[in-house]
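Q: Starting off with a structure, shown below.
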Amino acid sequence: MEQILQHKQEIENLQIADVKALEEYRIKYLGTKGIVKALMGEMKQVPVEKKKDFGQLLNEFKQFTESKYESWKETIQDRSNHLSGLDLTLPGDAVPAGSRHPISLMRNRIVSIFQRLGFAVAEGPEIDNDWNNFTALNLPENHPARDMQDTFYISTDPAWLLRTHTSNVQIHEMSKGKLPIRIITPGRVYRNETISARSHCFFHQVEGLYIAENVSFADLKQTLYFFVQEMFGKDVKVRFRPSYFPFTEPSAEMDISCLLCHGDGCSVCKKTGWLEILGCGMVHPKVLENCGIDSNKYSGFAFGMGIERPALLKYGIKDIRLFSENDVRFLKQFTGAI
Ligand code: DAH
């Protein structure tokens, strides 16, 4: 009977907090070879006059060990139920991936092709003055681009405006006085145009500029041939048409054979078989001089192209306004594109 009381004391001192310890307890006290069973077996050896007391004590002890077992089991289960909503072995919820804007995709492609030729990225301000956007670029006083109807002016005297092209970066870079210059300058430009499926009051351009000694038109052509092949593929044809820009002399426009009909003529190329993609030329000596560069020593070429048009062509988009509406259903389609 003393042993029983000792066991009881032992159990009172126990602290059982996990399944493993609980099972050990069950085996030790309540198992087929456990202490309770063993004590039951001792019953026959107990003298008759003590049988009643012993039996009663043993019964109480048995109930005690069992109820202890049940209560520990309950608290352990409670705790694991609490965690049962969590399966730590499951893979985590995927964080939804965003996508790059198609204009950014096209800009990055264009820029990286020129970077491979050694052009460095340069950027200029979207708000600029009349000198950098027009005058230094040799645009005559009465040029229609200077008209209020084409340009968003912020102030008139002195004239500050939203740049109408990325050519202003040419002036900023050349005025720094460091030569040679070999830059590619992507950016946003603004024109006071009616918004439609084909034109917008803001759009994007990439300007290229190379100024060094002995730069020729042949260098310009070779650079642009390389660009077209990398951008549109080896089978695409190129043609240069003479053109006019105040800041270049001679000036040209470059066309590529239509990406859709491959030159046969379709609605996109207006049945000509050609798509106009950029303006270019040799930097006008006056522009060099306006930036303090000796035009007898240095020459260079420049080119400028829109980003929207090649993006429309590449992704088969029919309306330029989609680029600025931020409709997630539209943007989501570019997930994973690089
Ligand atoms: N700035 C011209 C435009 O916005 C594009 C352009 C044409 C840029 C010829 C140039 C160039 O650098 O040489 O239409």
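Q: Of Val19, Val189, Phe203, which is farthest on the positive side of the dipole of the chain, counting Cα position, with +1 on Lys and Arg Cβ, -1 on Asp and Glu Cβ, and the Cα centre as origin?
A: Val19
Q: Just check region 149-201 against the gyration tensor rule for me: Cα atoms, a ≥ b ≥ c as the square roots of the eigenvalues, rounded for a/c under 1.5, and otherwise prolate or oblate depending on whether a/b exceeds b/c.
A: Working: a/c = 4.95, a/b = 1.59, b/c = 3.12.
Oblate is the answer for region 149-201, as a/c is 1.5 or above yet b/c matches or exceeds a/b.
Q: For region 261-336 and region 216-233, what is the separation of their Cα centres, given in Å?
A: 14 Å
Q: So, one more: So for region 1-149, what are the equivalent ellipsoid semi-axes in whole Å, largest first, each being the square root of 5 times an eigenvalue of the Cα gyration tensor?
A: In descending order the semi-axes read 94, 15, 12 Å.
Q: Also: Using the 2.2 N^0.38 Å rule of thumb for compact globular proteins, work out how the chain stacks up: its C-alpha Rg over that value, please.
A: After normalising by residue count via 2.2 N^0.38 Å, the value is 2.07.
Q: Further, regarding this structure: Restricting the count to DSSP beta bridges whose residues both fall in the chain, what percent are antiparallel, rounded to a multiple of 5?
A: 95 percent
Q: Out of the total accessible area of region 102-334 (probe 1.4 Å, heavy atoms of protein only), what percent is carbon and sulfur?
A: Accessible surface attributable to carbon and sulfur in region 102-334 totals 50 percent.
Q: How much accessible area per residue does the chain have, in Å², with a 1.4 Å probe?
A: I get 59 Å² per residue for the chain.
Q: With the dipole of the chain worked out from charges on the C-beta (+1 for Lys and Arg, -1 for Asp and Glu) around the Cα centre, which of Trp274, Pro310, Gly31 lies farthest toward the positive end?
A: Sorting the options by dipole projection puts first Gly31.
Q: Let me have the relative contact order for region 2-84, percent, based on Cα pairs under 8 Å that are six or more residues apart.
A: Values: 38 pairs, mean separation 30.2, N = 83.
It comes to 36 percent, rounded to a whole number.
Q: Sticking with this structure for a sec: To the nearest 0.05, what FRET efficiency results for His143 and Thr335 with a Förster distance of 51 Å applied to their C-beta separation?
A: Step by step, r from the Cβ atoms, then E = 0.75.
Q: Placing unit charges on C-beta atoms (Lys and Arg positive, Asp and Glu negative, everything else neutral), compute the dipole magnitude of region 1-130 about its Cα centre in debye, rounded to 20.
A: 800 debye
Q: Note down, for region 2-84, the three equivalent ellipsoid semi-axes (square root of 5 times each alpha carbon gyration tensor eigenvalue), biggest first, whole angstrom.
A: 30, 11, 10
Q: Here is a further query. Taking only DSSP H segments of four or more residues, each worth -39500 (n - 2.57), what value at 222 nm results for the chain once the sum is divided by all its residues, to the nearest 500 deg cm²/dmol?
A: -11000 deg cm²/dmol
Q: Then there's this: Hand me the trypsin sites (Lys or Arg not before Pro) from region 267-301 located in a DSSP loop with no more than 12 other Cβ atoms within 10 Å, in residue order please.
A: Counting only loop positions with at most 12 other Cβ atoms within 10 Å, the trypsin sites (Lys or Arg not before Pro) in region 267-301 are Lys270, Lys271, Lys297.
Q: What relative contact order, as a whole-number percentage, does the chain give when Cα pairs under 8 Å and 6 or more residues apart are counted?
A: 16 percent
Q: Still on this structure, please answer the following. Counting Lys and Arg as +1 and Asp and Glu as -1, each charge on the Cβ, what is the dipole of the chain about the Cα centre in debye, to the nearest 20?
A: Here the size comes out at about 1040 debye.
Q: Would you mind checking Lys237/Lys318; Lys176/Lys221; Lys8/Lys33; Lys8/Lys44; Lys178/Lys314; Lys20/Lys44 for any pair whose Cα atoms are more than 29 angstrom apart? Display every interim value, and only then the final one.
A: Values: Lys237/Lys318 24 Å; Lys176/Lys221 27 Å; Lys8/Lys33 18 Å; Lys8/Lys44 22 Å; Lys178/Lys314 37 Å; Lys20/Lys44 34 Å.
Beyond 29 Å between Cα atoms: Lys178/Lys314; Lys20/Lys44.
Q: Using a 1.4 Å probe over the heavy atoms of the protein chains, calculate the carbon and sulfur portion of the accessible area of region 2-84 as a whole percent.
A: Answer for region 2-84 is 51 percent, counting heavy atoms of protein chains only.
Q: Please name which of Thr75, Leu162, His101 has its Cα lying farthest along the dipole of the chain towards the positive end, using unit charges on Cβ (Lys, Arg +1; Asp, Glu -1) and the Cα centre as origin.
A: So the residue furthest toward the plus end is Thr75.
Q: Please compute the contact order of region 79-205 in relative form: average sequence separation of alpha-carbon pairs under 8 Å and at least six residues apart, divided by the residue count, as a percent.
A: That works out to 25 percent.
The values are calculated or read from the model by the stated rules, or taken from the named source; none is laboratory data. Since the structure is predicted, the reported quantities are computational estimates derived from the model, not experimental observations. Neighbour counts are summed over all protein chains in view; Cβ atoms, including those assigned to glycine, are modelled from backbone coordinates with ideal geometry. Surface accessibility is based on the protein's heavy atoms, side chains included, excluding ligands, DNA and RNA. Shrake-Rupley method; radii C 1.70, N 1.55, O 1.52, S 1.80 Å.
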